[in-house]
Amino acid sequence: MIEKNFEGVSVRWVIALKGEAEEIIKNYAMERVETTPFPVYKNKDLDMWLILSGIGQLNAVAATSYLYVKSDASYNTIWINFGIVGSRNFKVGDLIQIDKITSSDFQDNYYPSPSAFKNNNIERCNLISVNKPEKLFESDGAYDMEGYGFFSFAKKIAPYELVSVLKIISDAPGTDLSKIDRHRVEILVSKKIQFIEKVLENLLDLQKIIFLQLRDPKYFDEICLQKKFTFSQKVTLRKYLTQWQARFPLRNPLEEIGQRMTASQILKKFSDNLLR
Amino acid sequence: MVDTIYVEDEIIGTKKAQEIISKFRHAKVTSIKRFGEVFNPSNQNFRIQKTNPALILAKKQKGFVLDAPKGFGIGDQDNYYFSHMYNCLYDCSYCFLQGMYNSANYLVFVNFHDYQNEIVKTIKRHKEKKVTFFTGYDCDSLAMEPITNFINDFIPFFSRYKKALFEIRTKSINNTVFRKHDPLANCIVAYSLMPEALAQILDKKAPSVSARIKNMKYLANKGWRIGLRFDPLIYCNNWKDQYAELFANIFKEIKEENIHSVSFGSLRFPKSFFNKLLQYYPNSEELSFLRSNDKGIISYDQSIENEMNEYCRLELMKYSDARKFFYCG
């Protein structure tokens, strides 16, 4: 379950097709908020959004960047690419978490963080992103058409540990691709929804750690409202208030500030107090 | 312990890589081209990775032996360090590695022979002069010994070069490797130490200070030469009492003649490292005394630093010859 009261929760799903997304949309009670250029869904209480990117690397990158801007996603946001894939070495219906992403077009490889895999007992696998549906399956691993594009962008806007690629095997060598219809995909996803929830729960735990690291120290906003600080003074103030909290947890720094003090006098006062 | 191993394609078939991989039967092994693909990307979170570090096996390509920082040494004029591994099993709050690297994954370079070749060249370059080689700065070599067998390889190697001093800096109490080899006159087992109460808060996952002292005593009795490293010295409310007690406890157990050298230096960081640390440990009282100095280094106020160095020097002189003291700053 997602802790609704925790202010740091922020999740974005990037999924190619409606059939793949349907169970996620239902499970997390999301509603459509936009139709073009990409269909976008949102939970009304939580900062959780989902975008249908369409098929292919370009669509994946475009949709991820669109959702990033549209939803005003913070740095501390979980990004998940979910969808169906083909594989020669997994069974249809298996849920897999991707630990290496390669592309048929690019040399760089990506490696989602092992922190995201901890304690969930979900099979791990490498992903090969290709430009057209794979039929030959020459290598072990999973084949898709979006993962590489998604990851190449998402890793720039969020910590590595919060970017995950999760897939369900829908086809193997010899599968008649025309028979993988929306209904069949929805069934595959619904059978694994509790495991998908578990992956998200683990990511939310990691998000909480980062949220606490990035949070401004107590009284920072109040002091910045009272006096005008330059950017570099704010950096120093943030540092001093963090140190203040650790050293004098019972002393309110606001009480140290005289009405006529300038920003630099305030910083000097904090610095002097913290010296010993 | 490790559930993910990344291995560079170039070394996956080597004996050393296979030997290490075989110690983690349940780990998922993933091939990589170069370690930088996993270790270097920005946007990684060191603290999160520290909860579940992966192991990376790689080949070091260059920079096997590096000059030690200026003012750093234990007597010899020429000082070098080398790192066969980046990152550490322990999780000390003040560790500069978390400010230095993007990743907390353990990175092990398996081509030990290339390091040894470079060390030999360095020794030859210095002809008759004594040279010191430090290890254990970017990792705790001894703590990872069961995995890497690094010290087991390097003790016999340094036994052939008597003019070279080999320092192993550690907090580990693993003494298996020192039981396997005869004591080496040119090898110093140097222990990082701080008062027990501080270590309980700051030296997470590391053995207690009393266990370290016990192990030093064991090694000293076996004939190994011991180094005492009070670096960093940590300022806190009753630091004088705490350090005095620590020194007394050490010298109660270990004879002065077994001590090769004593070094100390106060807590200090480059600015960017410190900012990351403060983000990771906002509630650390120990970090709250540090300030930026005019050289762009974050350290204690000069008066605190001088007072700590002087006090510790005088206290240590009660037990040991001051000619064995070295200041690192």
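Values in this text are rule-based calculations from the coordinates and carry no lab data. Quantities reported herein were computed from a predicted structural model and do not represent experimental measurements. Quick reminder, even Gly has a Cβ in these numbers, built from the backbone with ideal geometry, and neighbours come from all protein chains shown.
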Wholly inside region B:1-98, strands (runs of 3 or more DSSP E) that include 2 or more residues that are farther than 27 Å from B:Val262 by Cβ, touching a residue at least 24 places away in the same chain (Cβ under 8 Å) and under 21 Å from the mean Cα position of the chain (by Cα) are B:55-58
Among the residues in region B:84-93, are any in contact with a Lys or Arg (Cβ under 9 Å, 6 or more places away or on another chain), crowded, with 20+ Cβ neighbours inside 10 Å and small (Gly, Ala, Ser)?
no
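Residues are listed down the side, and each one gets a yes or a no for (1) more than 18 Å from the chain's Cα centre (by Cα); (2) over 27 Å from B:Lys130 (Cα atoms); (3) in contact (Cβ under 8 Å) with a residue 40 or more places away in the chain:
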| position | (1), (2), (3) |
| --- | --- |
| B:Ile168 | no, no, no |
| B:Val177 | no, no, no |
| B:His181 | yes, no, no |
| B:Ser192 | no, no, no |
| B:Ala199 | no, yes, no |
| B:Lys205 | no, yes, yes |
Here is a check on your reading of the model: is B:Glu307 over 28 Å from B:Phe178 (Cβ atoms), surrounded by fewer than 18 Cβ atoms within 10 Å (Cβ to Cβ), within 14 Å of another protein chain (Cβ to nearest Cβ) and without any contact (Cβ under 8 Å) to a residue 12 or more places away in the chain?
yes
Which one is nearest to the other protein chains (Cβ to nearest Cβ) among residues in region B:36-67 that are charged (D, E, K, R) and more than 27 Å from A:Ile209 (Cβ to Cβ)?
B:Lys59
Boolean, B:Ile32 is within 27 Å of A:Phe153 (Cα to Cα) and either surrounded by fewer than 17 Cβ atoms within 10 Å (Cβ to Cβ) or of a type outside the set (Phe, Trp, Tyr) (or both):
yes
Select, from A:Tyr143, A:Tyr110, A:Tyr148, the only residue that is at the interface with chain B (Cβ under 10 Å from one of its Cβ atoms) and of a type in the set (Ser, Thr, Tyr).
A:Tyr110
From the list A:Lys208, A:Lys198, exactly one residue is within 14 Å of chain B (Cβ to nearest Cβ), among the charged types (D, E, K, R) and in contact (Cβ under 8 Å) with a residue 12 or more places away in the chain. Which is it?
A:Lys208
So the helices (runs of 4 or more DSSP H) completely within region B:166-284 holding 1 or more residues that are closer than 30 Å to B:Tyr115 by Cα are B:176-180, B:209-222, B:271-280
